[in-house]
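Notes follow once the structure below has been shown.
Bear in mind that the values in this text are calculations on the coordinates, not laboratory data. Remember, it's a predicted structure, so these values are computed and weren't measured experimentally. Cβ: placed from backbone, ideal geometry, glycine included. Neighbour counts: every protein chain shown.
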Amino acid sequence: MYNYIKHIIFDLDGVLIDSRELHYDALNKALLDISEEYVIKREEHLSTFDGKSTKTKLNLLTERKGLPVSTRYGMGVKTNIYQRITSIY
């Protein structure tokens, strides 16, 4: 039935490429475009945000730093920044 599937690649972050830092940088660049007050500091990222989805991170930023919900819908910018960063690899 599935004879056309020859290989499957399953990647856990850090195995083929460690994209954790790239996501951190891309999110902060997008947040900086909104306001410097929303940028996540390194210690804060490691203790609170690391390993969470972008949606969860934005929810936490709304709760903790007052990130306006209306700006969160523009976070496709983070995806665009991340794609630009990773295109060089």
Would the stretch 17-34 turn up any residue that is over 11 Å from the mean Cα position of the chain (by Cα), more than 24 Å from Thr71 (Cβ to Cβ) and part of a loop (DSSP other than H, G, I, E, B)?
yes
How about the stretch 38-57: which of its residues are surrounded by 11 or more Cβ atoms within 10 Å (Cβ to Cβ) and either touching a residue at least 24 places away in the same chain (Cβ under 8 Å) or assigned to a helix (DSSP H, G or I) (or both)?
Tyr38, Glu44, His45, Leu46, Thr48, Phe49, Asp50, Thr54, Thr56, Lys57
